[in-house]
1. Mind sorting W33, W251 by how few other Cβ atoms lie within 10 Å of their own Cβ, fewest first?
2. Tell me which of F522, S539, S497 sits at the most positive position along the dipole axis of the stretch 352-540, charges placed on C-beta atoms (Lys, Arg +1; Asp, Glu -1).
3. With +1 on the Cβ of every Lys and Arg and -1 on the Cβ of every Asp and Glu, and nothing else charged, how large is the dipole of the stretch 352-540 about its Cα centre, in debye rounded to the nearest 20?
4. Counting pairs of alpha carbon atoms under 8 Å apart in space and at least six apart in sequence, what relative contact order in percent does the stretch 352-540 give?
5. If the only charges are +1 at each Lys and Arg Cβ and -1 at each Asp and Glu Cβ, what is the size of the charge dipole of the stretch 372-416 around the Cα centre, to the nearest 20 debye?
6. Which whole-angstrom value gives the distance between the alpha carbon centres of the stretch 448-493 and the stretch 390-441?
7. Relative to a virtual label point 7 Å from the Cα of E461 in the Cα→beta-carbon direction, which members of the stretch 496-526 show backbone nitrogen distances below 12 Å?
8. How many nm is it between the label spots at S6 and K186, if each spot is 7 Å from the Cα in line with the beta carbon?
Amino acid sequence: MAFLESLALGLRWILLASLKASILAGFILLLQWLLRHKLPANLRYTIWLLFMARLAIPFGLESRISLFNLLPMRNIQAFSISDNASEQLPYSKADSEAVATSLREKPVAIQGANQRSSFTLIQAFAVVWLLGIIAFAVRLIIGHGMMRRKIRKRRLVTDRDVLTLFNQCKREMNISYRVKLAELEKIKTPLFCGTLSPLILLPANIRSILSLNDLRNIFMHELAHLKRKDVPIAWLAAFLQIIYWPNPLIWCAFFRMRIEREFACDAAALSLLGPEKAHAYGQTIISLLSHSPCNKRRLPVTAGILEARSNLKKRLDMISRFKKPSVLGKLLAMILLLTLAGVSLTEANIPVSNTSTKMQKHLVILDPGHGGIDRGAVSSNGVNEKDLVLFISKIIKRKLEKVGMAVQLTRSSDELISLEERNSVLKEAKAGLFISLHINGSPRHTTAEGITIWYHPDNEEISRRFAESIGADIRDNLPLRWKGARKGPFKVLKESSIPAVMMHVGYLSNSEDLKKISDPDFQEKFAEVLTISIKKFFSLQNTEIQE
């Protein structure tokens, strides 16, 4: 189940990032609608690159000017498993494998019950999300392969007049490296493709329907795609669209981005051709469209001059009104772009609550017992105490950190930590509380059951009060029998200079206790109960922590 939990965590992270990107896309569309013709085509497209950056890097520095300060981001971020992304997984892959190994021989009834309870709805959605990624990736790879097979049948252009015109356009675009120009029978519109080896493809019959002046306009447009690195950007967009496929708003945003890309290339071409050529440039598009259908492909391997017939009127209107931007206009556009980057690529400045701030002053040491060659108690079917206590300790750690406490584990993997090393951790950490977690085992007394808490014998008053507080919470909230709090003779407690308890959470030798302790729901509930008890403990220590 570790894979499913990791997959579910990835889906939660993607959905949260998708939500923020959708909000940004809506903001961009609103801004473009409000400013309409005042935004130059190049800026309208560049703004969408901020949207891509938000998807590719869905986290950033907190800022007071962030767009997301206008939203209840604290509630939105609560959707994720933990506020700290690095601690969202309750256990590592190595830990999950160790637990899986030790539980492999559990009775079928117990194993089935745990599997049913741990396969959640979000995990089911995560599986669908992964299958969708695979399906869209396969579709993209197959489509790309089919396009490459078509391109192999190209013929290099040999017409001297066309090649002379093409080289002239390259010089005007300040492109010095090699760009191939070829004809292909199976395409109806000019296309630009290739990232490392750029290639412009022309329909085989294009010289019979368009003049050299028309070809000049087409070359300038397709070379603008090359100059602006549109094909690599389109590949990145395709990758992000696959990852974020469940969100239809992301698909709509990328469709809009492709349209703005063509407008930007028109503007780049016209800036060199000159505004006086705008009418002839528009006529080239109309002539090409009258002989060829719009390009319906959606593969990022190509970029064509014809994208969608539905936006043709708006595109021709933009072309007819084209003017070269002034120096002041470029400066204002740069200021606007930097401002948008500041508000869109930063995170909401979420204030830390008074409770969380004060909680961080307290460090809790969690000590998962045994480890390494020391298996601790072992059930009749091979469940190891060392694996379960480490597994549960990491859940407790996550719960405590979620409410703002600092937590340190004496061991975070399957390793043997000596008593001296554990005491050394206690002395160096300057913690406020020490909890050693164990599970009992008594093969000769399989009816023994329940939770026992042993407290520090030399720090009796404070440790006993904490142990009894946990006991009260356990009696009210957990199905395990509470056996009481007792003064502990254990050296790990005696060596502690701070309040300390040792918890024996049930018996591996008791089938009913084992079933409860192995249940993920019980583990989560136990961690919640212990978190509440620890908060109450620090509150009683006059730390002014608000519960």
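1. Working: W33 8, W251 13.
Ascending Cβ contact count within 10 Å gives the list W33, W251.
2. The residue sitting farthest along the positive end of the dipole is S539.
3. On the way: 28 positive and 24 negative charges, 88 e Å.
Once rounded to the nearest 20, the dipole reads 420 debye.
4. Value for the stretch 352-540: 26 percent.
5. For the stretch 372-416, the charge dipole is close to 280 debye.
6. Cα centres, the stretch 448-493 to the stretch 390-441: 17 Å.
7. none
8. 4.0
Laboratory data are not the source of any read-out in this text; all were calculated from the coordinates shown. Fair warning: this is a prediction, and the values are worked out from it, not measured in the lab. Using ideal geometry, Cβ is built from the backbone for each residue, glycine included, and neighbour counts are taken over all protein chains shown.
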